[in-house]
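None of the figures in this text is laboratory data; all of them are computed from the coordinates on show. All figures in this text were calculated on a predicted structure; none of them were measured in a lab. Positions of Cβ are backbone-derived with ideal geometry, glycine not excepted, and every protein chain shown enters the neighbour counts.
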Amino acid sequence: MKKAIIVLLGVALGFCSAQAQELTKENFKPTGSQDYDEAVNRFLNGIEPKIVGGKKAADGAYPWQVTLLVKGIPNTHQAHFCGGSIYNSQRIVTAAHCLIGVSPNQFEVAAGTNILNQTVKRHKVARRIIHADYGKAKRFDSDIALVQLAEPMKLNDRQMAIALLTSDQEGQVYVDPNDLIVTGWGATEEGGSKVRDLREVTVPFVSAKRCTDPLSYGDRVTDKMVCAGEPQKDSCQGDSGGPLITVAPKDKVRLAGIVSWGDGCARPGKYGIYTRVRAFTGWVAACVSGAACSELK
Ligand code: ARG
């Protein structure tokens with residue numbers, strides 16, 4: 001008898017949530033994007049939804065930062081699965097690995113906030129473009145994607161576009177020593193949970209020579225990636241897709257990298273690996289202008 005009631009209750013709950021189009025164990029099919037599927041599984045299993053060694057960001061200090069949200073998870077904090085950056089009023093730059101297998105009607109974008117709370121406005125997505133070379137030469141190679149919003153969002157001092165690093169700047173940015181900043185709602189420790197308030201950490205750029213050392217990553221790091229971090233200072237799970245930016249000069253902040261991968265988080269010799277944004281400025285410009293740009297279908 002008890003069983004029957006539980007089953008009935010289950011069916012009724014399933015029915016209700018289906019109506020509200022909420023994700024359930026029954027209606028969810030894994031997409032293949034590890035970050036997306038992880039956010040959904042945490043939600044379905046009632047687990048609270050990671051930047052290591054950083055601090056809470058000042059309100060509005062990183063106005064290009066956006067959150068990618070799983071559609072069908074009403075709670076913003078639980079729905080967050082990746083970060084991204086505003087390129088213009090209708091385009092977001094993020095990591096390809098965040099959106100593999102995720103179609104435009106399965107996620108939304110929110111901007112203009114440091115806090116993942118319920119007041120955020122969710123923007124609908126019209127299209128996503130994943131770089132054609134993603135994962136071809138090496139795992140996570142060319143880890144970049146663009147998201148096109150269904151409607152342009154208002155840009156103001158709380159939600160602002162960030163320019164991509166240009167060729168004349170890269171010599172001062174992709175060098176050791178140089179400090180960069182990475183921001184996100186990801187875990188504050190390896191295996192930890194996502195956070196509600198946006199965090200930032202300053203990480204030193206790490207040369208390809210040090211990063212491809214056999215004791216570091218060897219040949220897993222390609223010329224489409226850059227490395228940054230030091231023991232106890234890193235990005236982590238949940239930060240993916242988010243921005244790695246230049247610090248100086250302050251009036252010319254540029255997007256230098258996209259959080260991509262790493263072995264664990266903040267481990268000695270295991271730096272954070274970022275998409276080398278400078279290598280993709282041509283691709284982004286072509287996609288945005290509507291010209292042909294190579295896309296993974
Ligand atoms: N793929 C991770 C994400 O899912 C990003 C990991 C970055 N790791 C690192 N140690 N920096 O959010």
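Sum -39500 (n - 2.57) across every DSSP H segment of at least 4 residues in the chain, then divide by the residue count to get the 222 nm mean residue ellipticity, nearest 500. Could the numbers behind the result be given before it?
Details: 7 runs with 57 residues, N = 297.
Theoretical 222 nm ellipticity from helices: -5000 deg cm²/dmol.
Quick check: from the Cα gyration tensor, does region 224-297 come out rounded (a/c under 1.5), prolate or oblate?
Oblate.
Cα convex hull of region 136-201: how many Å³ per residue? Spell out each step's value before the answer.
Details: hull volume 14.3 nm³, N = 66.
Residue-normalised Cα hull volume stands at 217 Å³.
Which of Cys293, Cys227 has the fewest other C-beta atoms within 10 Å, and how do the rest follow up to the most?
Details: Cys293 17, Cys227 26.
Taking fewest neighbouring Cβ atoms as first place, the list is Cys293, Cys227.
Distance between Cα centroids, region 226-270 to region 123-193: provide it in whole Å.
With region 226-270 and region 123-193 each reduced to a Cα centre, they are spaced 10 Å.
With only alpha-carbon atoms counted, please give the Rg and Dmax of region 235-276, in Å.
11.4, 34
Using a simple spin-label model with points 7 Å from Cα along the Cα→Cβ vector, what separation in nm is obtained for Val175 and Asp157?
Those two pseudo-labels are separated by 3.4 nm.
Can you tell me what percent of all Cα-Cα pairs in region 115-259 are more than 20 Å apart? Don't skip to the answer; put the middle values down first.
Details: 5929 of 10440 pairs.
Every Cα pair in region 115-259 considered, those over 20 Å come to 57 percent.
Taking 0.36 nm per residue of separation and subtracting the Cα-Cα distance, what length does fully extending Ala150 through Lys209 add? All intermediate terms of the calculation are to be shown ahead of the outcome.
Values: separation 59, 0.36 × 59 = 21.24 nm, distance 4.24 nm.
Extending this stretch completely gives an extra 17.0 nm.
If you consider only alpha-carbon coordinates, what radius of gyration and Dmax does region 77-138 have, in Å?
12.7, 42
Past 32 Å, Cα to Cα, is the threshold; run Lys250/Lys297; Lys56/Lys252; Lys121/Lys250; Lys71/Lys154 against it and keep the listed order. Mind dumping the intermediate values first?
Working: Lys250/Lys297 38 Å; Lys56/Lys252 22 Å; Lys121/Lys250 29 Å; Lys71/Lys154 21 Å.
Exceeds cut-off: Lys250/Lys297.
Averaging the inverse of every distinct alpha carbon separation and then flipping it gives the Kirkwood radius. What is it for the chain, in angstrom units?
Details: mean 1/r = 0.0517 Å⁻¹.
Mean inverse Cα-Cα distance, inverted, gives 19.3 Å.
Work out, step by step, the length gained on full extension between Thr202 and Ala61: first 0.36 nm times the residue separation, then minus their alpha carbon distance; give nm to one decimal.
On the way: separation 141, 0.36 × 141 = 50.76 nm, distance 1.40 nm.
Working it through step by step, the gained length comes to 49.4 nm.
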